[in-house]
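Engineer: Attaching a single structure in structure tokens format; questions to follow.
Bear in mind these aren't lab numbers, they're just calculated from the coordinates by the rules spelled out. Owing to the predicted nature of the structure, the values given are computational and were not obtained by experimental measurement. All Cβ positions, even for glycine, are placed from backbone atoms using ideal geometry, and neighbour counts span all protein chains on display.
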Amino acid sequence: MATRRKLASKKCLDCKGTGETAETVQVGTRKRRDTAHRQAALCLSCFGTGHATT
């Protein structure tokens, strides 16, 4: 019987394997000013898994 090998998954380069990125918070209705605050957002490259898709 053949032995199983674990596939080495690479970390996502955009989120560095965490699955989250930090986005700048914007305020205001018309001019959309950036503030110094940051909020967590789901990484769109790996969809929050932390592993590279390709």
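Engineer: Extension gain Lys10-Val27, at 0.36 nm per residue separation less the Cα-Cα distance, in nm?
Structural biologist: Working: separation 17, 0.36 × 17 = 6.12 nm, distance 3.62 nm.
Gain on extension, Lys10 to Val27, equals 2.5 nm.
Engineer: Next question, about the same structure. Count the net charge of all other residues whose Cβ sits under 10 Å from the Cβ of His51, scoring Lys and Arg as +1 and Asp and Glu as -1.
Structural biologist: Details: positive: Lys10, Lys11; negative: none.
My count for the surroundings of His51 gives +2.
Engineer: Can I ask one more? May I ask for the net charge around Thr18, where only other residues with Cβ less than 15 Å from the Cβ of Thr18 are counted and Lys, Arg are +1 while Asp, Glu are -1?
Structural biologist: On the way: positive: Lys10, Lys11, Lys16, Arg38; negative: Asp14, Glu20, Glu23.
Value of the local net charge: +1.
Engineer: Taking H as built 1.01 Å from N, whose amide H comes closer than 5 Å to the amide H of Cys15, not counting residues under 5 places away?
Structural biologist: Under 5 Å from the amide H of Cys15 lies no amide H from a residue far enough along the sequence or on another chain.
Engineer: At Ala41 and Thr18, where each label point lies 7 Å from the Cα along Cα→Cβ, what is the point-to-point distance in nanometres?
Structural biologist: For the pair Ala41/Thr18, the computed spacing is 1.5 nm.
Engineer: In addition: Work out which trypsin sites (Lys or Arg not before Pro) in the chain are exposed loop sites (DSSP not H, G, I, E or B, at most 16 other Cβ within 10 Å) and give the longest gap free of them. Before the final figure, lay out each step's value.
Structural biologist: Values: sites that count: Arg4, Arg5, Lys6, Lys10, Lys16, Arg30, Lys31, Arg32.
Between exposed loop sites, the widest span is 33-54.
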